[in-house]
């Protein structure tokens, strides 16, 4: 019983603030896109306002010229919790500007995920964003810094006598994708402004990871 109450308090008081798509991880983006399959492994470190703790995730993306579809799973254990949340979800991104001869890329991104934990309410997150990136021309190396502002929506489901509640917040992801042929790395800082009903301030997450890209260069 005590264990369930601790998880419930974390879910209602803290986890609902971290409205990134996969609980405990940044909202990743890749405005430049590409074609083929990319496999990613992720790590996230939320701040205390987001719940603290650590998150680990894995994603698979399929690039189809201007369209990129991603599915992924993450495990997030907030500080003080005895159980972890498991989040499953996906996103779709459409590149509206960019190509092999254009260094600037712009995309529209939308995604959703559902996180569950034993003895705790479900957490549903929905994100919508625009991504802007610059391709830095470096021989043998691909560097893509990006910024991705948008809206973060989160809903904590009802649990026992506690009704469901939801929040919508402004969010911003600042990151970079680094490519070394098939192998690459990614890093991002995710910021979410909290409403007065959530106590104000902000929630943030630092994320990093590696990816393997089995794809053709953009524009092919």
The one condition residue 82 fails out of (1) in a loop (DSSP other than H, G, I, E, B); (2) under 15 Å from the mean Cα position of the chain (by Cα) is (2)
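Kindly provide the set of residues from region 18-70 that are in a loop (DSSP other than H, G, I, E, B) and without any contact (Cβ under 8 Å) to a residue 40 or more places away in the chain, ordered by number. Steps first, answer last, please.
So the first thing to find is which residues in region 18-70 are in a loop (DSSP other than H, G, I, E, B), and the list is 18-34, 47, 51-53, 65-66.
Selection gives 52, 53, 65, 66.
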For residues that are more than 16 Å from residue 144 (Cβ to Cβ) and not in a strand (DSSP E or B), scanning just region 95-118, find the one that is modelled with the lowest pLDDT. 118
Among the residues of region 162-184, how many are exposed (fewer than 14 other Cβ atoms within 10 Å of the Cβ) and outside any loop (DSSP other than H, G, I, E, B)? 5
So, residue 157, is that one modelled with pLDDT of 95 or more and surrounded by 15 or more Cβ atoms within 10 Å (Cβ to Cβ) or not? no
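Of all residues in region 127-154, which are touching a strand residue (DSSP E or B) at 6+ places or on another chain (Cβ under 7 Å) and without any contact (Cβ under 8 Å) to a residue 40 or more places away in the chain? It would help to see each step written out before you state the result.
Step one: list which residues in region 127-154 are touching a strand residue (DSSP E or B) at 6+ places or on another chain (Cβ under 7 Å), which gives 127-136, 141-154.
128, 130, 134, 136, 141, 143, 145, 147, 149, 151, listed by residue number.
The values are calculated or read from the model by the stated rules, or taken from the named source; none is laboratory data. In this text, all values refer to a predicted model and were calculated from it rather than measured experimentally. Neighbour counts run over all protein chains shown; Cβ positions are idealised from the backbone, glycine included.
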